Amino acid sequence: MSPNVVLHDGNGRTGRMILFRECLYHGIAPFIIEDANRPEYLDALNSYHQGKDVTALTSLFQKEQEYYWNRCQYFLAE
């Protein structure tokens, strides 16, 4: 198997739900990976699987947190 192949086992939604729950549990702003950023998410996962580098995942998660936070401001306004 090529080292550039990403295995997809169908647990993506479950993994993203766990990430969301963990953010809430630890008092961190939650996020949802937007469909438009799915390729970036898969590339970041692949980077982690290849070399245990979390830089791309961390960057994407921060970007998604900011986006989600900004979208939720409507519901948090007094």
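The values are calculated or read from the model by the stated rules, or taken from the named source; none is laboratory data. Since we're looking at a predicted model, the values are computed, not measured. Here the Cβ is made from the backbone with ideal geometry for all residues, glycine too, and neighbour counts use every protein chain on show. Keep in mind that these areas ignore ligands, DNA and RNA; they rest on the heavy atoms of the full protein, side chains included. Shrake-Rupley method; radii C 1.70, N 1.55, O 1.52, S 1.80 Å.
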- prompt: So Arg38 clears everything in (1) more than 21 Å from Arg71 (Cβ to Cβ); (2) open to solvent by 50 Å² or more (accessible area, probe 1.4 Å); (3) outside any loop (DSSP other than H, G, I, E, B); (4) not hydrophobic (A, V, I, L, M, F, W, C) except one condition, right? Which one?
  reply: (1)
statement: The residue that is most open to solvent (accessible area, probe 1.4 Å), considering only those in region 1-27 that are at pLDDT 90 or above and either part of a loop (DSSP other than H, G, I, E, B) or touching a Gly at 6+ places or on another chain (Cβ under 6 Å) (or both), is His26
